[in-house]
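Working notes, structure below.
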Amino acid sequence: MGIRENSQKLLNELPPGVELVAAAKTRTAEEVLQAVEAGIKIVGQNYVQEAETIYPAIGDKAKWHLIGHLQKNKVKKAVKIFDMIETVDSVDLATEIDKRCAQMGKVMPVLVEINSGREKQKSGVLPEKAEALIKAISSLPNIKVMGLMTMGPRFGNPEDSRPYFVTTKKIFERIKALAIPNVEMNYLSMGMTNSYPVALEEGANLVRIGTRIFGRRD
Ligand SMILES: *Cc1c(COP(=O)(O)O)cnc(C)c1O
């Protein structure tokens with residue numbers, strides 16, 4: 001099957017209220033455009049540079065989410081392209097996004113990335129630090145915390161991902177119940193090609209899928 005069929009099938013299968021991010025790393029502008037023309041509304045990119053390369057061909061035909069780690073020196077470029085940054089994990093980074101957005105007169109919706117697997121090499125805030133981080137950045141006027149994102153460790157068996165999704169959902173519910181001013185816990189971004197059915201069972205309403213749309217990356 002091609003990108004068009006894969007996209008349409010997936011869009012038809014997802015339950016109502018769940019939004020799909022096409023994880024587009026390594027894909028050409030032409031491939032991403034096919035997905036967008038098939039009805040995909042959100043394109044996810046891991047790198048600012050890669051987004052800049054394909055952006056001109058797609059522009060505002062889709063919304064753009066940053067789903068990879070963001071370095072401070074890339075923030076200025078990132079806030080021009082992206083409609084949401086899913087990977088905020090420090091006060092420092094949030095402050096820089098806030099500052100650059102203020103210069104543009106823009107308010108950036110952000111998700112806080114949780115390092116649910118407590119993996120040393122991965123970005124994201126540790127589960128027990130999430131609440132303090134969100135409180136600390138909630139008053140920044142040019143960002144708006146809209147929810148959480150997690151990757152979790154990679155497994156062959158998607159069932160193994162479940163505990164990490166459960167952990168993240170618990171944090172999501174706890175922070176939602178705190179009703180912190182200027183924080184709206186609307187989005188829970190979890191699940192990729194092999195794990196998204198499990199993520200949906202555990203409450204995800206934003207899934208980030210690449211392989212199932214575009215085929216295998218080589
Ligand atoms: C690549 C990627 C995905 C999608 O992975 P697939 O297994 O190809 O569906 C989702 N989220 C992030 C952050 C990614 O880098």
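The values are calculated or read from the model by the stated rules, or taken from the named source; none is laboratory data. Everything numeric in this text was worked out from a predicted model, so none of it was measured. Using ideal geometry, Cβ is built from the backbone for each residue, glycine included, and neighbour counts are taken over all protein chains shown. Quick note on the areas: whole protein, heavy atoms, side chains included, nothing else; ligands and nucleic acids left out. Shrake-Rupley method; radii C 1.70, N 1.55, O 1.52, S 1.80 Å.
Among the candidates 178, 188, 206, single out the residue that is at pLDDT 95 or above, open to solvent by 40 Å² or more (accessible area, probe 1.4 Å) and either within 16 Å of the ligand (Cβ to nearest atom) or hydrophobic (A, V, I, L, M, F, W, C) (or both).
Working: 188 fails: open to solvent by 40 Å² or more (accessible area, probe 1.4 Å); 206 fails: open to solvent by 40 Å² or more (accessible area, probe 1.4 Å).
Of the residues listed, the single one that is at pLDDT 95 or above, open to solvent by 40 Å² or more (accessible area, probe 1.4 Å) and either within 16 Å of the ligand (Cβ to nearest atom) or hydrophobic (A, V, I, L, M, F, W, C) (or both) is 178.
Which of the residues that make up the range 16-53 are open to solvent by less than 30 Å² (accessible area, probe 1.4 Å), of a type in the set (Gly, Ala, Ser) and more than 12 Å from the ligand (Cβ to nearest atom)?
29, 35, 38, 39, 51
Assess whether residue 164 counts as being away from the ligand (no atom under 13 Å from the Cβ) and in a helix (DSSP H, G or I). Steps first, answer last, please.
Details: away from the ligand (no atom under 13 Å from the Cβ): yes; in a helix (DSSP H, G or I): yes.
Judged against the criteria, residue 164 is a match.
Within 15 Å of the ligand (Cβ to nearest atom), open to solvent by 10 Å² or more (accessible area, probe 1.4 Å), modelled with pLDDT under 95 and not in a strand (DSSP E or B) - does that describe any residue in the range 195-202?
no
I need the full set of residues from the range 69-91 which are more than 26 Å from residue 128 (Cα to Cα), touching a helix residue (DSSP H, G or I) at 6+ places or on another chain (Cβ under 6 Å) and open to solvent by 10 Å² or more (accessible area, probe 1.4 Å), in order please.
74, 76, 77, 81
Is there a residue being within 14 Å of the ligand (Cβ to nearest atom) and among the basic types (Lys, Arg) anywhere in the range 76-98?
Kept after step one, since they are within 14 Å of the ligand (Cβ to nearest atom), are these residues of the range 76-98: 82, 84-89.
If we keep only those that are among the basic types (Lys, Arg) too, we end up with none.
No; the residues of the range 76-98 include none that is within 14 Å of the ligand (Cβ to nearest atom) and among the basic types (Lys, Arg).
State yes or no: is residue 109 part of a loop (DSSP other than H, G, I, E, B), modelled with pLDDT of 95 or more and away from the ligand (no atom under 16 Å from the Cβ)?
Details: part of a loop (DSSP other than H, G, I, E, B): no; modelled with pLDDT of 95 or more: yes; away from the ligand (no atom under 16 Å from the Cβ): yes.
For residue 109, the condition - part of a loop (DSSP other than H, G, I, E, B), modelled with pLDDT of 95 or more and away from the ligand (no atom under 16 Å from the Cβ) - is not met.
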